[in-house]
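The structure under discussion appears below in the form of structure tokens.
Taken together, the values in this text are just the output of simple stated rules run on the coordinates, not laboratory data. All of these numbers come straight from a predicted model, not from anything done at the bench. Cβ sites come from the backbone with ideal geometry, for glycine too, and all protein chains shown count toward neighbours.
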Amino acid sequence: MSSLPIRDQKNDQLLTPENAALILIDYQPVQVNSIASMDRQLLVNNITGVVKMAKLYNLPIILSTVNVKTGLNFETIPQLRKEMTGLPSYDRTTINAWEDAEFLEAVKATGRKKLIMTALWTEACLSFPTLDALKEGYEVYPVVDAVGGTSLAAHDAALRRMEQAGAQPVSVAQLFCELQRDWGRSETVPGFMKLFIETGGTAGIQFSYDKAE
């Protein structure tokens, strides 16, 4: 029961704390309230878990909003804002974040080529920058259960389009496990288990039972 040495974290084909960045686009009240492809409370729970994951594993986080400065929209929802105190937010007028100069500069400044991409809606603010990033040679990982669309059909069609272009869909639980990778990496095991417990789901229920025993 011996783990192999930890692989090169920068060049690993899988996601690691040293080769990935989290992109978070337009988790604002109007967008959240218009989601019809999944339960909205579950969506908020899941994206909050993804942000906590990024903090646990020290991933760069790029946060962006749309139309806050124009007065047409509101800031990122408070559940996420409180997890990202002090983090800059790149406000835009573009629907496609990849066409905003400051946002694009911030993404490129991370030096990471694997982008964990989350946005609302799936059919617009997620799919457009995903397609552009893929075209520029990035690997893009849309988090299917932390994003949403204005209908299930719109969400599913956008995911298919991105996947056909080369995106690699992932789930919240898959992300947690891929970044932890080994129970022997004991420094982050308590935080890893806490992610599941706080985010919920069947694994979270079991971990909470185990912790209580």
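Relative protection proxy for 20-26, 1-7, 30-36, 130-136, from highest mean packing down: 20-26, 130-136, 30-36, 1-7 (other beta-carbon atoms within 10 angstrom).
Taking a ≥ b ≥ c as the square roots of the eigenvalues of the Cα gyration tensor, the stretch 20-182 is rounded, since a/c falls below 1.5. Considering Cα pairs under 8 angstrom that are at least six residues apart, work out the relative contact order of the chain and quote it in whole percent. Relative contact order for the chain comes out at 24 percent.
Only lysines eight or more places from LYS82 in sequence, or on another chain, were considered; those with a Cα closer than 23 Å are LYS52, LYS55, LYS69, LYS194.
The lysines whose alpha-carbon is closer than 18 Å to the alpha-carbon of LYS113, local same-chain residues fewer than 8 away aside, are LYS10, LYS135.
Would you mind pulling out the separation of the Cα centroids of the stretch 116-190 and the stretch 12-72, in Å? Answer, in whole Å: 10. When the chain is treated as a Gaussian network with alpha carbon springs shorter than 10 Å, the biggest mean-square fluctuation among GLY166, GLY148, GLY71 belongs to GLY71.
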